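To keep things clear, I will list the structure first and then write my remarks on it.
The values are calculated or read from the model by the stated rules, or taken from the named source; none is laboratory data. Not measured: the values here are computed from a predicted model. Backbone-built Cβ (ideal geometry, glycine too); neighbour counts: all protein chains shown.
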Amino acid sequence: MNMDTTTLAETLNIPDWTEIVADLEREGYAMLPGYLANRQVSQLAEAAGTPSAGAYTSLQDLDLGRGDVWRASSSAHNPPLDWTQALFDRLWPVAARWDQIMSTRQGPTDCDRSWTSAKGSASARMFVEMTRLREGEYQALHQKSATFPSFPLQLIALLSEPDSDFSGGQFVMTEQRPRMQSRPMVLQLRKGDVAIITTAHRPFKGSKGYYRVNLKHAISRVRSGERLGMEISLTGTPRAADE
């Protein structure tokens, strides 16, 4: 569907966008309960294991745990999942603000890019990873590396119902702040829920100003059943801010 981003909140029943931005600034993630309709979830789940899901590999081969993963990519002008574009459009201002803060306070980082300039660029690409975890399988703590420029926010979706389709398999995040112990967070996702999470790093405002924090995410071991999930990120080679 082609969605007008000016009516995104009304169309998808998303709470006030200022609340979502506040959650991202405070916690490094924001929840969008029931973002996906049952029809959309079914279509995505049915694609798992088929060529349309992308190139297959295993989490074990990637040294990221145990389970199946399919990877696909597409130009940002023609994303494989139309509903994601409207949401990423809403996230551009947040990414640009974080970029400005990180560049000013911390020096060059993997977030130090003019993403506003990259918007609409042919080099911007959307990457979709679909995971299937069965009993005893899990996804290890990781983050999107800086091997290619990455947008500082990404989307996570759950395509199976906890306590019905599977047990265990909680989505977990950790945040490491300077001179502090890691802070664990468990996101209570249900079928059709989407979460916006920090890709790797974000600015956090402490008592002495902003500083950079490091985030990773994982999926705990599935105890029974089958868990289907999806991770969507935006990458590319945007034009530098001073060009």
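When residues of the range 21-67 are filtered for being in a loop (DSSP other than H, G, I, E, B) and surrounded by fewer than 16 Cβ atoms within 10 Å (Cβ to Cβ), how many remain?
Matching residues across the range 21-67 total 9.
Filtered by the rule that a residue be at pLDDT below 90 and β-branched (V, I, T), the range 10-28 gives T11, I14, T18.
R179 passes every criterion in (1) surrounded by fewer than 14 Cβ atoms within 10 Å (Cβ to Cβ); (2) assigned to a strand (DSSP E or B); (3) at positive phi apart from (2).
Would you point out the residue of the range 67-109, among those that are of a type in the set (F, W, Y) and under 30 Å from P178 (Cα atoms), that is modelled with the lowest pLDDT? That would be F88. Looking only at the range 210-219, decide whether some residue is β-branched (V, I, T) and farther than 23 Å from V128 by Cα. Yes; the residues of the range 210-219 include at least one that is β-branched (V, I, T) and farther than 23 Å from V128 by Cα. Of a type in the set (G, A, S), modelled with pLDDT of 95 or more and part of a loop (DSSP other than H, G, I, E, B), is that true of S224? Against the criterion (of a type in the set (G, A, S), modelled with pLDDT of 95 or more and part of a loop (DSSP other than H, G, I, E, B)), S224 does not qualify.
Looking across the range 115-162 at every residue that is among the hydrophobic types (A, V, I, L, M, F, W, C) and at pLDDT below 80, the one that is nearest to L81 (Cα to Cα) is identified as M126.
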